[in-house]
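S.K.: Handing you this structure, nothing more for now.
The values are calculated or read from the model by the stated rules, or taken from the named source; none is laboratory data. The structure presented is a predicted model; accordingly, all values stated were derived computationally and were not measured. All Cβ positions, glycine included, derive from the backbone under ideal geometry; neighbour counts span all protein chains shown.
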Amino acid sequence: SQSSTAVIVGSLRKESFSLKIAKALTTLAPSSLQLDVITLNGLSFYNQDLEATPPADWVSFRDRVRKTDAVLFVTPEYNRSVPGVLKNAIDVGSRPYGQSVFNGKPGGVISNSPGAIGGFGANHHLRQSLVFLNVPVLQQPEAYIGGIGDAFDEKGDLVKASLREFLAAYVNAFDTWVARYRK
Ligand code: FNR
(Lines give C-alpha, C1' and ligand atoms only; values in the text may rest on other atoms or scores of the structure.)
Protein backbone atom coordinates (compact mmCIF):
# COMPACT_ATOMS: atom_id res chain seq x y z
CA SER A 1 0.00 0.00 0.00
CA GLN A 2 1.03 3.59 -0.57
CA SER A 3 1.85 6.21 2.00
CA SER A 4 2.26 9.93 1.45
CA THR A 5 4.94 12.22 2.81
CA ALA A 6 5.06 15.99 3.01
CA VAL A 7 8.55 17.05 1.93
CA ILE A 8 9.02 20.46 3.52
CA VAL A 9 11.75 22.61 1.97
CA GLY A 10 13.61 25.05 4.23
CA SER A 11 14.62 27.58 1.56
CA LEU A 12 12.60 30.03 -0.52
CA ARG A 13 15.33 30.44 -3.14
CA LYS A 14 14.33 29.67 -6.73
CA GLU A 15 17.59 27.81 -7.38
CA SER A 16 17.66 26.28 -3.90
CA PHE A 17 19.80 23.16 -3.54
CA SER A 18 17.37 21.97 -0.89
CA LEU A 19 14.48 22.22 -3.37
CA LYS A 20 16.55 20.38 -5.98
CA ILE A 21 17.24 17.59 -3.48
CA ALA A 22 13.52 17.40 -2.69
CA LYS A 23 12.70 17.11 -6.40
CA ALA A 24 15.39 14.48 -6.90
CA LEU A 25 13.86 12.46 -4.05
CA THR A 26 10.53 12.32 -5.91
CA THR A 27 12.26 10.50 -8.78
CA LEU A 28 14.21 8.17 -6.46
CA ALA A 29 11.41 7.18 -4.07
CA PRO A 30 9.95 3.68 -4.27
CA SER A 31 6.40 3.50 -5.67
CA SER A 32 5.11 2.79 -2.16
CA LEU A 33 6.08 6.30 -1.06
CA GLN A 34 4.34 9.32 -2.56
CA LEU A 35 6.13 12.63 -1.96
CA ASP A 36 4.38 16.01 -1.85
CA VAL A 37 7.04 18.73 -2.09
CA ILE A 38 5.94 21.77 -0.10
CA THR A 39 7.73 25.10 -0.48
CA LEU A 40 7.11 27.78 2.08
CA ASN A 41 6.82 30.80 -0.21
CA GLY A 42 3.84 32.89 0.91
CA LEU A 43 3.47 31.29 4.36
CA SER A 44 2.95 34.23 6.69
CA PHE A 45 4.48 34.67 10.13
CA TYR A 46 2.85 32.90 13.03
CA ASN A 47 0.97 35.28 15.31
CA GLN A 48 -1.25 33.98 18.11
CA ASP A 49 -3.52 37.00 17.71
CA LEU A 50 -4.65 35.63 14.33
CA GLU A 51 -5.53 32.14 15.55
CA ALA A 52 -9.27 32.87 15.92
CA THR A 53 -9.47 33.61 12.18
CA PRO A 54 -6.28 32.13 10.75
CA PRO A 55 -4.90 33.41 7.42
CA ALA A 56 -5.76 31.27 4.39
CA ASP A 57 -2.09 30.41 3.83
CA TRP A 58 -1.86 28.83 7.32
CA VAL A 59 -5.04 26.85 6.73
CA SER A 60 -3.88 25.45 3.40
CA PHE A 61 -0.41 24.60 4.76
CA ARG A 62 -1.94 22.81 7.75
CA ASP A 63 -4.43 20.93 5.55
CA ARG A 64 -1.73 19.82 3.16
CA VAL A 65 0.49 18.42 5.90
CA ARG A 66 -2.43 16.94 7.85
CA LYS A 67 -3.37 14.79 4.83
CA THR A 68 0.00 13.07 4.75
CA ASP A 69 1.30 10.10 6.73
CA ALA A 70 4.81 11.45 7.32
CA VAL A 71 7.03 14.54 7.15
CA LEU A 72 10.48 14.82 5.59
CA PHE A 73 12.44 18.05 6.02
CA VAL A 74 15.05 19.09 3.47
CA THR A 75 16.84 22.17 4.67
CA PRO A 76 19.93 24.33 4.48
CA GLU A 77 21.62 25.65 7.59
CA TYR A 78 21.44 29.35 8.43
CA ASN A 79 23.95 30.51 11.01
CA ARG A 80 24.37 26.98 12.32
CA SER A 81 20.63 26.59 12.87
CA VAL A 82 17.23 26.17 11.22
CA PRO A 83 16.27 28.86 8.66
CA GLY A 84 13.55 31.17 10.01
CA VAL A 85 11.06 30.23 7.29
CA LEU A 86 11.25 26.58 8.29
CA LYS A 87 10.96 27.28 12.01
CA ASN A 88 7.94 29.45 11.21
CA ALA A 89 6.32 26.61 9.25
CA ILE A 90 6.84 24.29 12.20
CA ASP A 91 5.26 26.87 14.50
CA VAL A 92 2.28 27.37 12.15
CA GLY A 93 1.73 23.61 11.79
CA SER A 94 2.01 23.01 15.54
CA ARG A 95 -0.97 25.17 16.50
CA PRO A 96 -3.70 25.58 17.73
CA TYR A 97 -2.42 23.79 20.81
CA GLY A 98 -3.52 20.17 20.75
CA GLN A 99 -4.16 20.22 16.99
CA SER A 100 -0.61 19.98 15.67
CA VAL A 101 -0.50 18.52 12.16
CA PHE A 102 2.81 16.86 13.04
CA ASN A 103 1.73 14.90 16.10
CA GLY A 104 2.72 11.24 15.87
CA LYS A 105 3.85 11.35 12.23
CA PRO A 106 7.14 9.64 11.46
CA GLY A 107 9.75 12.04 10.08
CA GLY A 108 13.14 12.52 8.52
CA VAL A 109 15.70 15.31 8.30
CA ILE A 110 18.04 15.92 5.37
CA SER A 111 20.34 18.92 5.78
CA ASN A 112 22.71 20.17 3.11
CA SER A 113 25.31 22.81 2.42
CA PRO A 114 27.90 23.82 -0.16
CA GLY A 115 30.29 23.59 2.79
CA ALA A 116 31.81 20.55 4.43
CA ILE A 117 29.71 20.25 7.59
CA GLY A 118 26.50 19.51 5.65
CA GLY A 119 24.17 21.53 7.84
CA PHE A 120 24.77 19.45 10.96
CA GLY A 121 23.74 22.31 13.25
CA ALA A 122 20.42 22.88 11.47
CA ASN A 123 19.75 19.14 11.36
CA HIS A 124 20.06 18.74 15.10
CA HIS A 125 18.32 21.97 16.10
CA LEU A 126 15.39 20.78 13.98
CA ARG A 127 15.40 17.45 15.80
CA GLN A 128 15.03 19.30 19.10
CA SER A 129 11.66 20.72 17.95
CA LEU A 130 10.62 17.33 16.56
CA VAL A 131 11.06 15.70 19.96
CA PHE A 132 8.52 18.10 21.42
CA LEU A 133 6.20 17.69 18.42
CA ASN A 134 6.13 13.91 18.92
CA VAL A 135 7.63 13.20 15.50
CA PRO A 136 9.72 10.03 15.67
CA VAL A 137 12.67 10.84 13.40
CA LEU A 138 14.57 8.28 11.35
CA GLN A 139 17.93 7.84 13.08
CA GLN A 140 19.96 5.99 10.45
CA PRO A 141 21.07 6.78 7.89
CA GLU A 142 21.74 10.34 8.99
CA ALA A 143 21.78 12.85 6.13
CA TYR A 144 24.28 15.71 6.35
CA ILE A 145 24.99 16.46 2.71
CA GLY A 146 28.12 18.55 2.23
CA GLY A 147 29.59 19.84 -1.02
CA ILE A 148 26.16 20.27 -2.61
CA GLY A 149 27.48 22.97 -4.97
CA ASP A 150 28.49 20.57 -7.75
CA ALA A 151 25.64 18.06 -7.43
CA PHE A 152 23.26 19.49 -10.05
CA ASP A 153 23.62 20.62 -13.65
CA GLU A 154 22.12 23.81 -15.14
CA LYS A 155 18.81 22.04 -15.74
CA GLY A 156 18.64 21.07 -12.08
CA ASP A 157 19.30 17.40 -12.73
CA LEU A 158 21.24 15.47 -10.11
CA VAL A 159 24.55 14.59 -11.75
CA LYS A 160 26.61 13.52 -8.73
CA ALA A 161 26.34 9.71 -8.80
CA SER A 162 27.45 9.21 -5.19
CA LEU A 163 24.71 11.55 -3.98
CA ARG A 164 22.08 9.89 -6.17
CA GLU A 165 23.03 6.55 -4.63
CA PHE A 166 22.91 7.97 -1.12
CA LEU A 167 19.53 9.65 -1.61
CA ALA A 168 18.04 6.48 -3.11
CA ALA A 169 19.22 4.49 -0.09
CA TYR A 170 17.94 7.19 2.25
CA VAL A 171 14.47 7.36 0.73
CA ASN A 172 14.18 3.57 0.82
CA ALA A 173 15.12 3.52 4.50
CA PHE A 174 12.61 6.32 5.06
CA ASP A 175 9.87 4.31 3.31
CA THR A 176 10.55 1.38 5.67
CA TRP A 177 10.49 3.78 8.64
CA VAL A 178 7.13 5.26 7.58
CA ALA A 179 5.65 1.79 7.02
CA ARG A 180 6.39 0.91 10.65
CA TYR A 181 3.96 3.60 11.76
CA ARG A 182 1.12 2.81 9.34
CA LYS A 183 -2.13 2.05 11.14
C1 FNR B 1 24.10 30.59 4.96
N2 FNR B 1 24.88 29.49 4.60
C3 FNR B 1 25.36 28.64 5.59
N4 FNR B 1 25.95 27.43 5.27
C5 FNR B 1 26.35 26.58 6.25
O6 FNR B 1 26.84 25.49 5.96
N7 FNR B 1 26.22 26.93 7.56
C8 FNR B 1 25.66 28.09 7.96
O9 FNR B 1 25.54 28.34 9.15
C10 FNR B 1 25.22 29.00 6.95
N11 FNR B 1 24.63 30.19 7.28
C12 FNR B 1 23.98 30.93 6.33
C13 FNR B 1 23.20 32.02 6.71
C14 FNR B 1 22.51 32.73 5.77
C15 FNR B 1 21.62 33.86 6.22
C16 FNR B 1 22.60 32.38 4.40
C17 FNR B 1 21.81 33.14 3.35
C18 FNR B 1 23.38 31.34 4.02
C19 FNR B 1 25.10 29.16 3.19
C20 FNR B 1 24.01 28.24 2.68
O21 FNR B 1 24.37 26.89 2.98
C22 FNR B 1 23.85 28.38 1.15
O23 FNR B 1 23.49 29.71 0.85
C24 FNR B 1 22.81 27.41 0.61
O25 FNR B 1 22.87 27.41 -0.81
C26 FNR B 1 21.40 27.75 1.06
O27 FNR B 1 20.51 26.67 0.79
P28 FNR B 1 19.59 26.62 -0.51
O29 FNR B 1 18.90 27.95 -0.66
O30 FNR B 1 20.51 26.38 -1.69
O31 FNR B 1 18.65 25.49 -0.28
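S.K.: Say whether the condition of being over 25 Å from THR26 (Cα atoms), at pLDDT 95 or above and either among the polar types (S, T, N, Q) or not in a strand (DSSP E or B) (or both) is met by at least one residue in region 65-76.
M.R.: No, there is no match, as no residue in region 65-76 is over 25 Å from THR26 (Cα atoms), at pLDDT 95 or above and either among the polar types (S, T, N, Q) or not in a strand (DSSP E or B) (or both).
S.K.: Quickly run through region 4-37 and pick out the residues that are part of a strand (DSSP E or B) and either buried (at least 20 other Cβ atoms within 10 Å of the Cβ) or modelled with pLDDT under 95 (or both).
M.R.: Within region 4-37, THR5, ALA6, VAL7, ILE8, VAL9, LEU33, LEU35 qualify.
S.K.: Look at SER3 and say whether it is small (Gly, Ala, Ser) and within 17 Å of VAL101 (Cα to Cα).
M.R.: Yes.
S.K.: Name the residues in region 1-26 that are without any contact (Cβ under 8 Å) to a residue 24 or more places away in the chain and more than 12 Å from the ligand (Cβ to nearest atom), would you?
M.R.: Result: THR26, single match.
S.K.: Same structure again: Filter region 134-166 for residues that are of a type in the set (Val, Ile, Thr) and not in a strand (DSSP E or B); which is farthest from VAL74 (Cα to Cα)?
M.R.: VAL159
S.K.: Give VAL59, VAL92 a once-over and let me know the one that is more than 16 Å from the ligand (Cβ to nearest atom), buried (at least 21 other Cβ atoms within 10 Å of the Cβ) and part of a helix (DSSP H, G or I).
M.R.: VAL92
S.K.: Scan region 38-56 for residues that are surrounded by 15 or more Cβ atoms within 10 Å (Cβ to Cβ), more than 13 Å from the ligand (Cβ to nearest atom) and in a loop (DSSP other than H, G, I, E, B) and jot them down.
M.R.: Hits for region 38-56 are LEU43, TYR46, PRO54, PRO55.
S.K.: ALA169: more than 10 Å from the ligand (Cβ to nearest atom), loosely packed, with under 15 Cβ neighbours inside 10 Å, touching a residue at least 24 places away in the same chain (Cβ under 8 Å) and not in a loop (DSSP other than H, G, I, E, B), yes or no?
M.R.: For ALA169, the condition - more than 10 Å from the ligand (Cβ to nearest atom), loosely packed, with under 15 Cβ neighbours inside 10 Å, touching a residue at least 24 places away in the same chain (Cβ under 8 Å) and not in a loop (DSSP other than H, G, I, E, B) - is met.
S.K.: Tell me, which residue of region 114-131 that is near the ligand (Cβ under 9 Å from one of its atoms) and part of a helix (DSSP H, G or I) is nearest to ALA89 (Cα to Cα)?
M.R.: So, considering only residues that are near the ligand (Cβ under 9 Å from one of its atoms) and part of a helix (DSSP H, G or I), the one nearest to ALA89 (Cα to Cα) is ALA122.
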